[in-house]
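Everything below concerns the one structure shown next.
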Amino acid sequence: MNKKITLLPGDGIGPEIVGEAVKVLDRIAEKFLHKFEYTTVDIGGCSIDKYGVPITDEGMALCKSADSVLLGAVGGPKWDNCPPSIRPEKALLGVRKELGLFANLRPTKLFPQLASASPLKESVVGGGIDLLIVRELTGGVYFGPRRTEEVNGELVATDVMPYSEHEIMRIGRVAFETAMKRSRRLASVDKANVLDTSRLWRKTMHRLSEEYPEVEYTDILVDNTAMQLIKNPSQFDVLVTENMFGDILSDEASMLTGSIGMMPSASLSSGTLGMYEPIHGSAPDIAGMNIANPIGTILSAAMMLRYSFGMSREADCIESAADSVLSDGYRTGDIMQEGCKKVLCSEMGDLIAARL
Ligand code: NAD
């Protein structure tokens with residue numbers, strides 16, 4: 001297959017970790033006889049410095065015309081005081097909107113080799129954690145009408161949380177399809193005992209569940225989910241939820257693994273175009289030192305192959321290569337344990353590429 005990939009390395013450690021993911025993609029192309037064509041676009045602070053905007057119109061067009069987009073991270077202290085209209089994160093929201101990325105997939109996997117990095121007890125995580133949160137990304141309270149006004153001499157702020165049936169149906173379908181590709185268990189998270197949006201969410205999910213009788217479907221309230229993720233995370237496989245609940249729960253879930261450098265994510269549109277990125281930020285404290293952990297970005301590239309290009313075998317290969325490198329005791333500084341071999345960012349990329 002021939003695929004066009006737009007690379008958005010961004011700021012801080014972004015260029016280093018994206019470089020390692022490209023190394024791995026190149027090895028996959030060689031092994032499976034694919035051709036990956038890359039175009040690199042500036043995004044975030046580096047684009048502000050060069051062009052005065054966090055992404056140019058040409059850059060955005062190159063994201064839209066690609067088969068897929070791989071992002072490092074944006075931002076850093078240098079740009080913290082930029083006006084809100086040109087802040088680095090503005091580019092990310094812009095790309096999500098322009099590409100229609102409504103579904104965010106965040107797998108949380110605790111590699112058994114890294115179990116001691118989890119803040120939870122061995123008795124809770126000993127069985128491993130392997131769950132995936134499907135978060136609605138373009139609706140709900142983050143995009144609803146908002147205002148702050150003076151009422152009876154004091155300020156009153158209001159944020160509205162709208163959800164329409166088609167938005168719920170669309171994300172629900174992604175979740176059911178994802179569950180079909182995993183262990184066919186899906187929990188839908190809502191607050192249907194209080195919120196109208198959640199009652200519509202639940203009703204719509206139930207309708208959809210009739211189309212997927214093979215999927216074992218359950219409803220769970222968001223407050224209980226927050227508790228269960230700490231008490232017994234291995235009970236979950238795929239979780240689906242609305243934008244704000246997903247924002248909070250996915251950060252909670254990623255922390256169960258204790259290693260932010262390991263976690264990938266995917267943001268998907270209704271077609272095959274997606275944007276793939278590690279969940280961490282630009283880590284300005286270690287930028288340019290070649291010590292960042294590139295595994296989250298490499299696993300994001302694996303998700304790109306699986307979800308945008310339908311290359312499951314290739315994605316499996318990358319995931320097992322990363323697993324095998326960890327089993328052999330190689331670690332970047334952030335996940336270093338006693339008795340393991342400490343390697344640089346570029347060495348980790350080389351090791352994973354060499355296992356493919
Ligand atoms: P961060 O994730 O960049 O860093 C938090 C801590 O984790 C730091 O100590 C960092 O060194 C470490 N870390 C992160 N990724 C690592 C990796 N791959 N390997 C080893 N260690 C790693 O979060 P922050 O410090 O709150 O934010 C820094 C900047 O990144 C800010 O400007 C923030 O706005 C931006 N940010 C961007 C994104 C994004 O681009 N999607 C996401 C979050 C934060």
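The values are calculated or read from the model by the stated rules, or taken from the named source; none is laboratory data. Computed from a predicted structure; not experimentally measured. All Cβ positions, even for glycine, are placed from backbone atoms using ideal geometry, and neighbour counts span all protein chains on display. These area figures cover heavy atoms from the full protein model, side chains too; ligands, DNA and RNA do not enter into them. Shrake-Rupley method; radii C 1.70, N 1.55, O 1.52, S 1.80 Å.
Determine whether GLY59 is in contact with a helix residue (DSSP H, G or I) (Cβ under 8 Å, 6 or more places away or on another chain), within 14 Å of the ligand (Cβ to nearest atom), closer than 27 Å to PHE143 by Cα and open to solvent by less than 10 Å² (accessible area, probe 1.4 Å).
Here the answer is no, as GLY59 does not meet what is asked.
I'd like the full set of residues that are in a loop (DSSP other than H, G, I, E, B) and near the ligand (Cβ under 9 Å from one of its atoms), limited to segment 75-94.
Of everything in segment 75-94, those that are in a loop (DSSP other than H, G, I, E, B) and near the ligand (Cβ under 9 Å from one of its atoms) turn out to be GLY75, GLY76, ASP80, ARG87.
Which residues, counting only those in segment 310-356, are within 16 Å of the ligand (Cβ to nearest atom), open to solvent by 60 Å² or more (accessible area, probe 1.4 Å) and not in a helix (DSSP H, G or I)?
Listed by number, the residues that qualify are MET336, LYS342, LEU344.
Sort out which residues of segment 268-281 are more than 14 Å from the ligand (Cβ to nearest atom) and outside any loop (DSSP other than H, G, I, E, B), and write them in order of number.
Result: LEU268, GLY274.
Considering segment 64-105 alone, what residues qualify as being charged (D, E, K, R), under 18 Å from SER265 (Cα atoms) and modelled with pLDDT of 95 or more?
ASP67
Just to be sure, is THR39 more than 14 Å from the ligand (Cβ to nearest atom), part of a strand (DSSP E or B), of a type in the set (S, T, N, Q) and without any contact (Cβ under 8 Å) to a residue 40 or more places away in the chain?
So THR39 fits the description; yes.
Being closer than 15 Å to PRO107 by Cα, modelled with pLDDT under 95 and open to solvent by less than 50 Å² (accessible area, probe 1.4 Å) narrows it down to one residue among LEU186, LEU256; which is it?
Within the list LEU186, LEU256, the selection yields LEU256.
If we keep just the residues of segment 95-126 that are within 13 Å of the ligand (Cβ to nearest atom) and in a strand (DSSP E or B), which is least open to solvent (accessible area, probe 1.4 Å)?
Checked segment 95-126; the qualifying residue least open to solvent (accessible area, probe 1.4 Å) is ASN104.
Residues of segment 127-162 being over 19 Å from the mean Cα position of the chain (by Cα), farther than 12 Å from PHE102 by Cβ and surrounded by 12 or more Cβ atoms within 10 Å (Cβ to Cβ), which ones?
Scanning segment 127-162 gives GLY127, GLY128, VAL141, GLY144, ASP159, VAL160, MET161, PRO162.
Check TYR212 against each of (1) buried (at least 22 other Cβ atoms within 10 Å of the Cβ); (2) among the aromatic types (Phe, Trp, Tyr); (3) free of Cβ contacts under 8 Å to residues at least 60 places away in the same chain and name the one condition it does not meet.
Tallying (1) buried (at least 22 other Cβ atoms within 10 Å of the Cβ); (2) among the aromatic types (Phe, Trp, Tyr); (3) free of Cβ contacts under 8 Å to residues at least 60 places away in the same chain, TYR212 fails exactly one: (1).
Listed here are the residues, each with its yes/no results for (1) at pLDDT below 95; (2) in a loop (DSSP other than H, G, I, E, B); (3) on the phi < 0 side of the Ramachandran plot; (4) open to solvent by 30 Å² or more (accessible area, probe 1.4 Å).
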{"position": "THR178", "(1), (2), (3), (4)": "yes, no, yes, no"}
{"position": "ALA192", "(1), (2), (3), (4)": "no, yes, yes, no"}
{"position": "LYS203", "(1), (2), (3), (4)": "no, no, yes, yes"}
{"position": "ARG207", "(1), (2), (3), (4)": "no, no, yes, yes"}
{"position": "ASP219", "(1), (2), (3), (4)": "no, no, yes, yes"}
{"position": "MET227", "(1), (2), (3), (4)": "no, no, yes, yes"}
{"position": "LEU239", "(1), (2), (3), (4)": "no, no, yes, no"}
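Quick one: in segment 282-309, of everything that is within 18 Å of the chain's Cα centre (by Cα) and open to solvent by 40 Å² or more (accessible area, probe 1.4 Å), which residue is farthest from the ligand (Cβ to nearest atom)?
It comes out as ARG306.
So for segment 149-163 (the condition being charged (D, E, K, R) and either in a loop (DSSP other than H, G, I, E, B) or in contact (Cβ under 8 Å) with a residue 40 or more places away in the chain (or both)), does at least one residue qualify?
no
When the residues of segment 241-251 are filtered to those that are open to solvent by 30 Å² or more (accessible area, probe 1.4 Å) and among the hydrophobic types (A, V, I, L, M, F, W, C), which remaining residue is nearest to the chain's Cα centre (by Cα)?
So the residue we want is ILE248.
What residue, among those in segment 1-21 that are within 16 Å of the ligand (Cβ to nearest atom) and surrounded by fewer than 22 Cβ atoms within 10 Å (Cβ to Cβ), is farthest from GLY59 (Cα to Cα)?
For segment 1-21, the residue satisfying everything is GLY19.
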